[in-house]
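Everything on this sheet refers to the single structure shown next.
The values are calculated or read from the model by the stated rules, or taken from the named source; none is laboratory data. Here the structure is a predicted model, which means the values were calculated and not measured. As a convention, Cβ positions derive from the backbone with ideal geometry for all residues, glycine included, and neighbour counts pool all protein chains shown.
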């Protein structure tokens, strides 16, 4: 399948409309990806300035673990060569809950910052992954 940008979703609303049963997973993929990018681009004084609730490094680990977990939990289509894993699966319940809390707080911080990084390119990429890798029999 060739990549024709005119055929792919450019907004979260378009993702919801075009991704069918994968819409929730595609939207989560875009939101978590934008949150990760926002975290990587925070200024050094972000914690002191109150821009972020938790330490940046801890937030980064939590967001990575929870977003990877959500990819599998929500069924975001993966390439056949990828083996999906639940990164939080082997942690004790209290640790899972703590990582989830930190990731949720970090996404709230990102939303307070105006949800930067929700770009047409990020939406098109998620939609493209769905179209390329969604299993018709699933």
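Data overview
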{"item": "Yes/no for residue 43 being over 16 Å from residue 31 (Cα atoms) and exposed (fewer than 12 other Cβ atoms within 10 Å of the Cβ)", "result": "yes"}
{"item": "Yes/no for residue 54 being surrounded by fewer than 21 Cβ atoms within 10 Å (Cβ to Cβ), in contact with a helix residue (DSSP H, G or I) (Cβ under 7 Å, 6 or more places away or on another chain) and either within 19 Å of residue 7 (Cα to Cα) or modelled with pLDDT of 95 or more (or both)", "result": "yes"}
{"item": "Every residue from the range 59-97 that is in a helix (DSSP H, G or I), surrounded by fewer than 16 Cβ atoms within 10 Å (Cβ to Cβ) and touching a helix residue (DSSP H, G or I) at 6+ places or on another chain (Cβ under 8 Å)", "result": "61"}
{"item": "Filter pass, residue 138 being crowded, with 17+ Cβ neighbours inside 10 Å, at pLDDT below 95 and farther than 18 Å from residue 56 by Cα", "result": "no"}
{"item": "Flag if residue 43 is in contact with a helix residue (DSSP H, G or I) (Cβ under 7 Å, 6 or more places away or on another chain) and without any contact (Cβ under 8 Å) to a residue 60 or more places away in the chain", "result": "no"}
{"item": "Test: residue in the range 104-115 that is closer than 20 Å to residue 16 by Cβ, touching a helix residue (DSSP H, G or I) at 6+ places or on another chain (Cβ under 7 Å) and not in a loop (DSSP other than H, G, I, E, B)", "result": "yes"}
{"item": "Any hit, the range 16-33, residues being exposed (fewer than 14 other Cβ atoms within 10 Å of the Cβ), in contact with a helix residue (DSSP H, G or I) (Cβ under 7 Å, 6 or more places away or on another chain) and not in a helix (DSSP H, G or I)", "result": "no"}
{"item": "Where residue 1 falls short, out of the listed (1) closer than 13 Å to residue 121 by Cα; (2) modelled with pLDDT under 95", "result": "(1)"}
